[in-house]
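The values are calculated or read from the model by the stated rules, or taken from the named source; none is laboratory data. Since the model is a prediction, treat every value here as computed from it, not as a measurement. Here the Cβ is made from the backbone with ideal geometry for all residues, glycine too, and neighbour counts use every protein chain on show. When the accessible area is computed, the model is the full protein with side chains, heavy atoms only, and any ligands, DNA or RNA have been set aside. Shrake-Rupley method; radii C 1.70, N 1.55, O 1.52, S 1.80 Å.
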Amino acid sequence: MPTNAPTAASVLSDVTSSDTSLRRFLHGLPGVDAVGLEARAASLGTRSIKTTAKAYAIDLAISMVDLTTLEGADTPGKVRALGAKAVRPDPTDRTTPTTAAVCVYPDMVAVAKETVAGSGVKVASVATAFPAGRAALDVKLADVRDAVAAGADEIDMVIDRGAFLAGKYLKVYDEIVAVREACGTSARLKVIFETGELSTYDNIRRASWLGMLAGADFIKTSTGKVAVNATPANTLLMLEAVRDFRAQTGVQVGVKPAGGIRTTKDAIKFLVLVNETVGADWLDNHWFRFGASSLLNDLLMQRQKLATGRYSGPDYVTVD
């Protein structure tokens, strides 16, 4: 898919013309009312939905999962099993939607691509020295090019948090632009901020705008490798950012909360945030994803509970 970046750049070209102008813009964004943000996120999380709406929400959430394995012990066999599960999450029920994607390390992209071929399930690859992002730019770009050459449909990159926290915003911007170019026209780009390391909500808002200005197709909360990952509050803040960015530039950007979302109840809370903050335009897997490994199993068990009236046994779903 072609990048959205030229449209955004044409609207806000002066913002990224220098380090000074970019800093002025990012620090000129409205400050985040932390108490108000957390209160709204908590309030939206208490909303209940009817049984018929819950069935729809579960299927929608399944279709939004980036089914993930990012472990040093990953093997081709494990990735094939994960890909098969993404294509047919519940082998006993063919009405169960496929997941949006499988997410793996670059060296497993070819295996995943072969496994999901013809299913519509995308292959996402982390890159740019995931999860820390501590490598030279040429190493990071080689990482991206290798994943794309192997068939990755999506690249999940990590920003240089050290540079961002040191106020080197233009360096972070230029790196995202370079990764965007390395993706070419065939791979969508998700930009991971590692919100748990950004310290403040103001920084999350700045990172969101920085990523979108640089051409991100998605902005993503976390790697899932730190103590604090996706939360309703930081996801709400990022949803507000993509809403405001589209209002200003006409460019729509997706959001992917990742890490710590394990239950159907959690997933539905996030879908309520999406519906109430950005509306139906983001309620499909082209614009909203869940980065998760264990979430899918709970969604499948809750789906069976709605269909049969009873919870399944522990052997109903596979253990990833």
*Could you tell me which numbered condition residue 224 fails, if it satisfies all but one of (1) modelled with pLDDT of 95 or more; (2) of a type in the set (Gly, Ala, Ser); (3) part of a loop (DSSP other than H, G, I, E, B); (4) closer than 19 Å to residue 143 by Cβ?*
(1)
*Could we say that residue 113 is of a type outside the set (Ser, Thr, Tyr), under 24 Å from residue 288 (Cβ atoms), surrounded by fewer than 23 Cβ atoms within 10 Å (Cβ to Cβ) and out of contact with any Ser or Thr (no Cβ under 8 Å at 6 or more places or on another chain) here?*
yes
_Output for segment 44-70, where each listed residue is at pLDDT 95 or above and either over 20 Å from residue 89 (Cβ atoms) or of a type in the set (Val, Ile, Thr) (or both)_ = 58, 62, 65, 68, 69
*asked:* Under 7 Å between Cβ atoms, which residue pairs at least 6 apart in sequence (or on different chains) link something in segment 235-246 that is under 15 Å from residue 198 (Cβ atoms) with a partner that is open to solvent by 10 Å² or more (accessible area, probe 1.4 Å) and outside any helix (DSSP H, G or I)?
replied: 237/32
_When residues of segment 214-232 are limited to those that are of a type in the set (A, V, I, L, M) and open to solvent by 10 Å² or more (accessible area, probe 1.4 Å), the one farthest from residue 253 (Cα to Cα)_ = 227
*Sort through 235, 264 and tell me the only one that's farther than 25 Å from residue 153 by Cα and at pLDDT 95 or above.*
264
*Could you tell me whether any residue of segment 51-71 is of a type in the set (Val, Ile, Thr) and open to solvent by 60 Å² or more (accessible area, probe 1.4 Å)?*
yes
*Kindly list the number of the only condition in (1) of a type in the set (D, E, K, R); (2) in a helix (DSSP H, G or I); (3) within 16 Å of the chain's Cα centre (by Cα) that fails for residue 244.*
(3)
*asked:* Against the condition modelled with pLDDT of 95 or more, within 12 Å of the chain's Cα centre (by Cα), surrounded by fewer than 24 Cβ atoms within 10 Å (Cβ to Cβ) and farther than 21 Å from residue 28 by Cβ, how does residue 254 come out, does it pass?
replied: yes
*asked:* Filter segment 85-144 down to the residues that are among the aliphatic types (A, V, I, L, M) and touching a Leu at 6+ places or on another chain (Cβ under 8 Å) and list them by number.
replied: 86, 101, 102, 104, 112, 126
*Within segment 119-211, which helices (runs of 4 or more DSSP H) (wholly inside it) include 1 or more residues that are touching a strand residue (DSSP E or B) at 6+ places or on another chain (Cβ under 7 Å) and open to solvent by 20 Å² or more (accessible area, probe 1.4 Å)?*
137-149
*asked:* Take residue 75 and tell me if it is open to solvent by less than 20 Å² (accessible area, probe 1.4 Å) and at pLDDT 95 or above.
replied: no
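From the set of residues in segment 78-100 that are hydrophobic (A, V, I, L, M, F, W, C), in contact with a helix residue (DSSP H, G or I) (Cβ under 7 Å, 6 or more places away or on another chain) and surrounded by 20 or more Cβ atoms within 10 Å (Cβ to Cβ), which is farthest from residue 260 (Cα to Cα)? Working first, answer last.
Residues of segment 78-100 that are hydrophobic (A, V, I, L, M, F, W, C), as a first pass: 79, 81-82, 84, 86-87, 100.
Those still in the list that are in contact with a helix residue (DSSP H, G or I) (Cβ under 7 Å, 6 or more places away or on another chain) too: 79, 84, 86-87, 100.
Narrowing further to those that are surrounded by 20 or more Cβ atoms within 10 Å (Cβ to Cβ): 79, 86, 100.
Numbers: 79: 21, 86: 19, 100: 18 Å.
The residue in question is 79.
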*Of all residues in segment 54-97, how many are out of contact with any Phe, Trp or Tyr (no Cβ under 7 Å at 6 or more places or on another chain) and either basic (Lys, Arg) or assigned to a loop (DSSP other than H, G, I, E, B) (or both)?*
19
*Six or more apart or on different chains, Cβ under 7 Å: which pairs go from a residue in segment 59-76 that's without any contact (Cβ under 8 Å) to a residue 24 or more places away in the chain and under 17 Å from residue 298 (Cα atoms) to one that's of a type in the set (Phe, Trp, Tyr) and crowded, with 24+ Cβ neighbours inside 10 Å? Could you list them?*
none
